[in-house]
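Scroll down for the structure; my scribbles are underneath it.
The values are calculated or read from the model by the stated rules, or taken from the named source; none is laboratory data. Note that the coordinates shown come from a computational prediction; the quantities given were computed from them, not determined experimentally. Don't worry about glycine lacking a Cβ; one is built from the backbone with ideal geometry, like all the others, and counts go over all protein chains shown. Ligands, DNA and RNA are excluded from the accessible area calculation, which covers all protein heavy atoms including side chains. Shrake-Rupley method; radii C 1.70, N 1.55, O 1.52, S 1.80 Å.
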Amino acid sequence: MNGQEFVTENHRKLLDEIQWISDIGVDNLVVTIPYLIELIKEQFPKFTIRVSTIARVNSVNKAKFFEMLGADEITPDVMINRNFKILEKMVKALNCKINLLTTDGCLYECPFRQYHYNLCGHGSQTLSDRYYIDYPLISCSIIKFSNPAEIMKCRWVRPEDLKYYEDLGISNFKIGGRRLPTDRIMRSVKAYSDGKYDGNLADIVQGYSFSFGSIQQLEPNKGFGKTVEEEKKANLYIDNTKLDGFIDFFKNQQCRAMCDECNYCAEWAKKAIIIDEEGTQIYLDSLKTFRDNLVTSREFGIERKESKKEKKRKKKKTKLEWNPETHEIFETMVSFSPQEFQSMTRMVIGSMSEKKAKNRGSEIVENQDMIQAFLEGTPGPYQEEMKENLKKMGLIKA
Ligand code: SF4
């Protein structure tokens with residue numbers, strides 16, 4: 001709220017607004033800020049209050065604090081949606097109800113989340129100049145569409161799995177979607193009421209499909225709207241019929257939030273996620289171009305003069321040309337590696353190949369550079385398989 005709740009003139013407007021909400025017959029408010037909860041409970045006791053997931057209630061202690069303030073219901077931090085131990089303890093420790101947000105598709109432990117809420121909060125104020133560019137959405141989409149395992153790690157809950165939460169004593173579920181068209185929200189509500197959805201999970205949870213949410217038409221920034229429009233080409237399909245049993249690992253408390261050592265979500269992504277690779281690349285290119293425009297300030301029409309140091313660094317970083325045939329073979333070799341390692345392989349072996357070409361004094365990466373890079377850069381356990389692939393492609397002798 002930008003501290004405006006403590007400016008007398010705006011504090012009065014705030015009270016008027018809450019009074020208006022009361023007058024039109026609303027009886028339940030969703031609130032994040034502890035001060036507002038206290039104020040509402042003190043001056044407008046007719047309202048029941050649900051604490052928003054934005055308050056990040058992720059422990060019994062925090063939940064008890066909000067209950068003590070007067071909360072009637074709490075939507076916990078979505079990041080604990082698959083932590084059955086904490087949820088169970090919360091239910092037991094509280095008198096107020098737990099209301100689980102089931103349709104959140106934000107990145108697991110999303111680093112943009114708090115910034116995103118802040119941007120939205122300030123962007124919606126009319127007190128001063130405001131402008132909003134959805135940098136968090138652009139950045140998180142790059143991560144999700146570069147690696148489908150990230151989609152599985154998000155803390156959405158399938159309609160079929162609500163029963164496990166009911167077993168814990170949670171019977172209220174929130175279907176999010178305030179910026180989605182009504183038909184999409186209704187589809188989600190129906191799926192969760194039926195406890196079943198035999199289709200694309202991306203149609204009933206949020207966070208993957210922005211081009212159908214009509215935000216691109218409402219968005220004043222045309223570049224952003226155009227970028228989001230490209231998402232359709234990725235054609236993401238999360239086959240919900242293939243996800244029975246996915247929740248078991250979490251029910252048994254086996255998720256340790258150490259994804260590099262785990263791979264559970266990546267394995268399920270292979271089973272259930274279908275994506276158009278070519279279309280995804282177009283979408284990713286479009287997202288990255290938009291992000292580049294933001295981080296270089298081009299989006300704002302500002303061209304900074306480069307310092308000598310920057311120019312030098314850029315020159316050093318400039319990528320070499322690839323012989324087209326070598327590049328094609330390189331991509332085939334990358335496709336032989338496990339899907340979750342492909343972007344890493346592309347980055348590491350690609351830059352090693354370029355270094356090799358540079359060391360030869362060439363500006364073009366050729367087969368010899370790439371072969372050497374694969375031989376030197378592939379980790380021990382994968383060496384044999386990689387050599388077999390090089391042999392199959394006639395790049396080294398059998
Ligand atoms: S630790 Fe494993 S189960 Fe947990 S989010 Fe990461 S990959 Fe998924």
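Apply the Debye scattering formula to segment 44-83, with a single equal point scatterer on each alpha-carbon and no solvent, then give log10 I(q)/I(0) at q = 0.15, 0.21, 0.29, 0.32 Å⁻¹. Scattering profile of segment 44-83, log10 relative to I(0): -0.33, -0.60, -0.98, -1.11. Of all aspartates and glutamates in the structure, the ones whose alpha carbon falls short of 13 Å from that of Lys64, not counting any fewer than 8 places away in one chain, are Asp72, Glu73.
Ordered from highest to lowest accessible area with the whole protein assembly present and a 1.4 Å probe, Asp27, Asp239, Asp260, Asp248 read as Asp260, Asp27, Asp248, Asp239. Near Val365, the amide H atoms lying under 5 Å from its own belong to Glu321, Trp322, Asn323; only residues 5 or more places off or on other chains count, and H is placed 1.01 Å from N.
So what is the relative contact order of the chain, in percent, for Cα pairs below 8 Å that sit 6 or more residues apart? Before the final figure, lay out each step's value.
Working: 485 pairs, mean separation 44.8, N = 398.
Averaging sequence separation for qualifying contacts and normalising by length gives 11 percent for the chain.
Amide hydrogen proximity for Lys174: with H placed 1.01 Å from N in the peptide plane, the residues at 5 or more positions away or on another chain lying under 5 Å are Leu100, Leu101, Thr102.
For the chain, the longest principal axis of the Cα atoms and the long axis of helix 34-43 meet at an angle of about 20 degrees.
Considering the convex hull of the alpha carbon atoms of the chain, report its projected area averaged over all viewing directions, in nm², one decimal. Write out the running numbers ahead of the final one.
On the way: hull surface 98.4 nm².
Over every viewing direction, the Cα hull of the chain projects on average to 24.6 nm².
By the rule of a C-alpha distance below 26 Å, with chain neighbours fewer than 8 residues away ignored, the lysines paired with Lys190 are Lys97, Lys153, Lys163, Lys174, Lys232, Lys242, Lys251, Lys271. Solvent-accessible area of Ser171, all protein chains in place: 80 Å² (probe radius 1.4 Å, heavy atoms, ligands and nucleic acids excluded).
Angle of helix 380-392 to the longest C-alpha principal axis of the chain, folded into 0 to 90 degrees and rounded to 10: 50°. Annotation: amide H of Ile74 within the under-5 Å range of Val51, Lys97, Ile98, Asn99, sequence separation 5 or more or interchain, hydrogens built in the peptide plane.
Tally up the carbon and sulfur contribution to the accessible surface of segment 347-393 as a whole percent, 1.4 Å probe, everything protein left in place. Please report the intermediate quantities before stating the final value.
Working: 1440 of 2820 Å².
Ligands and nucleic acids excluded, carbon and sulfur give 51 percent.
What the phi angles of segment 177-194 give under the Karplus curve with 6.51, -1.76 and 1.60, with θ = phi - 60°, is a coupling list of x, 5, 9, 9, x, 4, 4, 5, 5, 5, 4, 5, 4, 5, 4, 6, 5, 6 Hz, glycine and proline written as x. Between Phe44 and Lys387, the contour length at 0.36 nm per residue exceeds the Cα-Cα span by 116.3 nm.
Take every DSSP beta bridge whose two residues both sit in the chain, then give the antiparallel share in percent to the nearest 5. So the antiparallel bridges in the chain amount to around 20 percent.
Given a 1.4 Å probe and heavy atoms of the protein chains only, how would you sort Asp276, Asp369, Asp167, largest accessible area at the top?
Values: Asp276 65, Asp369 5, Asp167 125 Å².
Ranked list, largest accessible area first: Asp167, Asp276, Asp369.
On the principal axes of its alpha-carbon atoms, segment 308-392 has extents of 45, 24, 20 Å, going from largest to smallest. The Rg/Rh ratio for segment 1-148, using Cα coordinates for both the radius of gyration and the Kirkwood hydrodynamic radius, is 1.00. What the phi angles of segment 12-21 give under the Karplus curve with 6.51, -1.76 and 1.60, with θ = phi - 60°, is a coupling list of 5, 4, 4, 4, 4, 5, 5, 4, 4, 4 Hz, glycine and proline written as x. How far is helix 135-146 tilted, in degrees, relative to the longest principal axis of the Cα atoms in the chain, given as a value from 0 to 90 rounded to the nearest 10? Helix 135-146 and the main axis of the chain meet at about 50 degrees. For segment 55-63, 3J(HN,Hα) computed residue by residue from phi via the Karplus equation (6.51, -1.76, 1.60; θ = phi - 60°) reads 6, 6, 6, 10, 8, 4, 4, 5, 4 Hz, glycine and proline entered as x. For Val295, Val30, Val189, the ranking by accessible surface with the largest value first comes to Val295, Val30, Val189, using a 1.4 Å probe. About its Cα centre, the dipole of the chain is roughly 1220 debye, where the only charges are +1 on Lys and Arg Cβ and -1 on Asp and Glu Cβ.
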